[in-house]
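Trainee: This structure is in structure tokens; I'll ask about it shortly.
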Amino acid sequence: MKAKIRTVAKYLAALLVAVSVLAPMSWLFLMSVSATSDLTRIPLEWLPRQWDFTRYGRLLSLAPDQPGTLFLHALGNSLIVATGATVICLLLAIPAAFSFSRYRGRDGWLFASLAIYMVPPVAFVLPLYFLLQHFDLLNTRPGLIIVYCSLILPFLTWMLKNQFDTLPRDIEQAARLDGLRVWQVLLRITLPLAKPVLGAAALFGWLLAWDEFFYALLFTSNIAAQTLPVTIAGFTAGRATDDGLIAAVGILASVPPLFIAIWLQKTLVSGLASGGSKG
């Protein structure tokens, strides 16, 4: 009897999580295909009387005076900035995490970086602004990538370091006895064993950059470098706001993270499982 109760409780909990995730997205989609009259009708109707997909066509069009001009440029900026920052941070975090994990006495540097990571972002606005201004990187994608690296790198280093701690060192020691150098051990032995968590770390780092709004708002001024969160906020700035258009933007903005999560699904699950336990 207790086993059945536990099973029912697990399914109910899973159902609750699924509803909490899918219900907002379902309502966002219904808003995106509803006419303005349906969205403002009282009492509210859950299903639109007439399904309207023209907003998606406007957002995916580069025709003049269409919102797609802003949306597609911002989408490209977000993809470039998020991917570039994640790749750079992975290239730096892997050797840093390996060093923290295999060579004792360096944890102070790791904790210091995490302490800086916990400082409110507004405290770094002026130093970062002056640095970007000095190197002529304001309102540029490379400048935004550099700023995002300061956010993502400590997180990825900590995440990978915890995974490297769980890996057996006997294999690495045997490889060193066979004549492999430290960097060869890292590339040939450690990284293949840590492959699951690399995918999870890449996804979380990419999502941090994809969703970042504060620095993108301050350090960009036009579509040349503005990312999707800033552009979405701009759609709400007018006096006459099309709620359905904003909902359509939200649906389209969730597509790239969804595809990346599906692509890294197996790696993500195994990475989270291995990163959450130490053998």
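The values are calculated or read from the model by the stated rules, or taken from the named source; none is laboratory data. Everything numeric in this text was worked out from a predicted model, so none of it was measured. Please note: Cβ atoms are built from the backbone with ideal geometry, for glycine as well, and neighbour counts cover all protein chains shown. In case anyone asks, the SASA skips ligands and DNA or RNA and just uses the protein heavy atoms, side chains included. Shrake-Rupley method; radii C 1.70, N 1.55, O 1.52, S 1.80 Å.
Trainee: Which pairs turn up if I take residues in region 55-71 that are surrounded by 14 or more Cβ atoms within 10 Å (Cβ to Cβ) and look for partners that are among the charged types (D, E, K, R) with beta carbon separation below 7 Å, at least 6 apart in sequence or on another chain?
Mentor: Hits for this filter: Gln66/Arg58; Pro67/Arg58; Gly68/Arg58.
Trainee: Hey, another quick one. Evaluate region 134-147: report whether one residue or more is among the hydrophobic types (A, V, I, L, M, F, W, C), at pLDDT below 90, open to solvent by less than 70 Å² (accessible area, probe 1.4 Å) and assigned to a helix (DSSP H, G or I). Don't jump to the end; show me each part of the working.
Mentor: Going through region 134-147, the residues among the hydrophobic types (A, V, I, L, M, F, W, C) turn out to be 135, 137-138, 144-147.
Those still in the list that are at pLDDT below 90 too: none.
The answer is no, given that none of the residues of region 134-147 is among the hydrophobic types (A, V, I, L, M, F, W, C), at pLDDT below 90, open to solvent by less than 70 Å² (accessible area, probe 1.4 Å) and assigned to a helix (DSSP H, G or I).
Trainee: Would you mind telling me which numbered condition in (1) open to solvent by less than 50 Å² (accessible area, probe 1.4 Å); (2) at pLDDT below 85; (3) assigned to a helix (DSSP H, G or I); (4) out of contact with any Phe, Trp or Tyr (no Cβ under 9 Å at 6 or more places or on another chain) Ser113 fails?
Mentor: (4)
Trainee: Return only the number of the condition from (1) in a helix (DSSP H, G or I); (2) open to solvent by 40 Å² or more (accessible area, probe 1.4 Å); (3) free of Cβ contacts under 8 Å to residues at least 40 places away in the same chain that Thr241 does not satisfy.
Mentor: (1) is the only condition that Thr241 fails.
Trainee: Please state which of the following conditions Ser99 fails to meet, knowing it meets all the rest: (1) open to solvent by less than 50 Å² (accessible area, probe 1.4 Å); (2) part of a helix (DSSP H, G or I); (3) in contact (Cβ under 8 Å) with a residue 40 or more places away in the chain.
Mentor: (3)
Trainee: Please enumerate the residues belonging to region 175-185 that are part of a helix (DSSP H, G or I), touching a helix residue (DSSP H, G or I) at 6+ places or on another chain (Cβ under 9 Å) and open to solvent by 20 Å² or more (accessible area, probe 1.4 Å).
Mentor: Arg176, Val182, Trp183, Gln184
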